[in-house]
Each structure stands twice: as structure tokens, then as C-alpha cells.
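Below is one structure, written out as C-alpha cells, with a few remarks after it.
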Amino acid sequence: MLDFFVEYGMFVAKIATVTIALLFVISGIATMAARNRHQNDDGYLRVRHVNQEIENLRDGLRHEILTEAESKAEIKRKRKDEKLKRKAEKKMPAAENKRGRVFVLDFDGDVRASAVDNLRKEISAVLQVAEANDEIVVRLESPGGMVHSYGLAASQLRRITSQGVHLTVCVDQVAASGGYMMACIAEKILAAPFAVVGSIGVVAQIPNFHRLLKKNDIDIELLTAGEYKRTLTMFGQNTDSDRAKFQEELEDTHTLFKDFVRDNRRGLDISKVATGEHWYGLRAMDLGLIDELMTSDEYLLRRSKDAEVFEVSWQIRRTLAERLGLATEGAMIRVLEKWFHRGGNRLLK
């Protein structure tokens, strides 16, 4: 019996190994295919009418909880209300009759702010139809990342306010560092009570292998032209003057960051909030980093009462190989996360 279980275990291990290897191969093929395609030529704009989805949710629930008689009465009342509404709209001047519009965009930021590629297309599309009484809502989630990448992302949001269109940023989980750099462009920043906000600071870390290389008699030749072409290095010997110059550059970046936030959030005590700390929404409200405590769902539900709400997103058309690759990649990530949490759950607590 023991031999059976041993052989069975070996068989399962072989199957798992082959499966993982196939997943890596498929994922690699899909990634290569994506790199070789011109994504601008095969994307499309997806628009969803949020009001209709909210109404469908409401009607679906009412259908389940109302009796047959109540349901019929509800349908009759709804038809009557719609008829009265149409009559009232006909009597109203065209300018007054027109409902405002809300365009909802999503930004899920990584270290390189790579979502800006889609964001710029979405903004370009919306700005061609947006009018003065319209609003753009950006559901922003980002822990920050590279300075130049988030500088570009913030500049994309600046296009909205520069055209005179209202901009609201909703933070449900996190808008820190570069994420907050983007958020502070908005006229209004809304955040969930425990969303992470702030982290107005700059950080950089560089490993140095000089002692390891020296111990193994390995030389690194680094040639530069210009006194400060290279300050800190990973392989050479760093000096105090190198460190001082690098720190100077960090401080200058931090100054630019603080000035940017101050210019966009008038009245904010920058000395209190530009320490690199982050705060939950409840505390961020007290500090003036945000304007209101509210989730994006709550805000959009409120706006749907008096405006037409459209969710706009740029979608990339993917080949079958790419879709399969993304699916396998997601499966791999879920398996790895499961293994990680099983093995390191105590450490995470």
C-alpha cells in the first residue's frame, strides 16, 4: 500500500510539473504575440450605460420580493411616471431639459503607471464630446511608482481641467505617492473611510555589489563624461560626495512634488502632509487631503439620479493565444498565491 501512495504521489508531481511548464510556454507565446502587434490598430472604445445597469439591478430585486399584484401595480405606476416625465420634458426648454453627463474612467496604477496608455485614449475620446456641465469621474487606485511615469499620468488628467470639464477622483483603496499626485489635479477628491491617501515623498534604493566583486578580484570599468553623469552605482565604489549628490536630487524631486500638490490643493498645509506619511481616509479628511468620505459606488449612484452616467474604457482586442495566455497566467498567479498564503500566512499576520 505504501508503494502505491509513493507511485501515485510521483505521478501527481509529474503531471503538475508538465502542466506548469505548459502554462509558462503558452504564457510566453502570448506575451511575444502581444509585443509584435500594433495595439493602437486593434483596440476599441467600450461604453456602458451605468443608469441602465442600476435600473436593471433594482427591477430584478423588486421582481423577486414583490407579490404578483404588487409587481403589476409597480409596472403600471412606472409607465404612468414615464408618461408624465415625457410630457414635462416636452414643455421644458431644450436647454433645461438636457440632463448632464458623467463619464467614468478607471486607472489601476502599477510602478510604471502603464495604465496611462489606455487613459490617454479614453480622455481623448471623452474630451471630444464633453460639454461644460459634464463631469469626468476617475476611479483611481495606485500606490505610486516612477516619478516621470506618474508625472505623465497627472498631465493627462490636467487635460480635463484645462478644457473646463469638471473632474472628480474617487479613491476606494489607495492613492499614494504618484497616485496622490494624480488625484490632487481634481476639483474634488472622494475617498472611502479606510482608503490609503498621501505618501507625499520620494524614495530610492540601490544595491551595491562593490565589496563582493572586490573580494572575487572582479573589476568594473565605468567611464563617464560630465561630473554628475553618474552618482551612485551598483558595481563601483560609492563616495560620500556621490551620496550627497544623489540625496540632493531626491530633495529637489520632493520639492517639485510638494509644489505641485500645493498648487493644486490650495489651503493645504503642505508642511504637515509632505512628510512621506500616508493616512486613512478618515484622517486624510481632517488634513484636507480629500474633500469627502464616500465610495465611488455611492457617488455614482447619487449622480445617476440627475445625470446620464457612462463608463468608458479602452479595450485591446486580443488573439486567442493572448486570451489563453492571460487565462493561464491568472491561473498560475492564483496557484502561487495559494501556496504562498499556506506557507507564509503566519508571517503575514
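The values are calculated or read from the model by the stated rules, or taken from the named source; none is laboratory data. Fair warning: this is a prediction, and the values are worked out from it, not measured in the lab. Glycine gets a Cβ as well: all are built from the backbone with ideal geometry, and neighbour counts include every protein chain shown.
Quick notes on this structure:
- Selection over segment 169-220 of residues that are exposed (fewer than 14 other Cβ atoms within 10 Å of the Cβ) and at positive phi gives a count of 1.
- Selected residue [closer than 18 Å to Asp263 by Cα, without any contact (Cβ under 8 Å) to a residue 40 or more places away in the chain and part of a loop (DSSP other than H, G, I, E, B)] from Gly226, Gly164: Gly164
- Selection from segment 152-194 of residues that are over 15 Å from the mean Cα position of the chain (by Cα) and over 21 Å from Met294 (Cα atoms): Ser155, Arg158, Arg159, Ile160, Thr161, Ser162, Gln163, Gly164, Val165
- The residues on offer are Lys87, Lys72, Lys80, and the sole one that is modelled with pLDDT under 75 and more than 25 Å from Glu298 (Cα to Cα) is Lys87.
- Yes/no for Ser155 being loosely packed, with under 15 Cβ neighbours inside 10 Å and assigned to a helix (DSSP H, G or I): yes
- The residue of segment 282-296 that is surrounded by the fewest Cβ atoms within 10 Å (Cβ to Cβ), among those that are within 21 Å of the chain's Cα centre (by Cα) and either under 15 Å from Ile200 (Cα atoms) or acidic (Asp, Glu) (or both), is Glu292.
Yes or no, residue by residue, for (1) modelled with pLDDT of 65 or more; (2) of a type outside the set (A, V, I, L, M, F, W, C); (3) part of a strand (DSSP E or B); (4) on the phi > 0 side of the Ramachandran plot:
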site	(1), (2), (3), (4)
Phe257	yes, no, no, no
Thr275	yes, yes, no, no
Glu308	yes, yes, yes, no
Leu324	yes, no, no, no
Met332	yes, no, no, no
Phe340	no, no, no, no
Arg346	no, yes, no, no
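- Search result, residues across segment 234-283 that are aliphatic (A, V, I, L, M) and out of contact with any helix residue (DSSP H, G or I) (no Cβ under 8 Å at 6 or more places or on another chain): Met234, Ala244, Leu250, Leu256, Leu282
- Residue within segment 40-59 that is farther than 30 Å from Ser296 by Cβ, assigned to a helix (DSSP H, G or I) and at pLDDT below 80 present: yes
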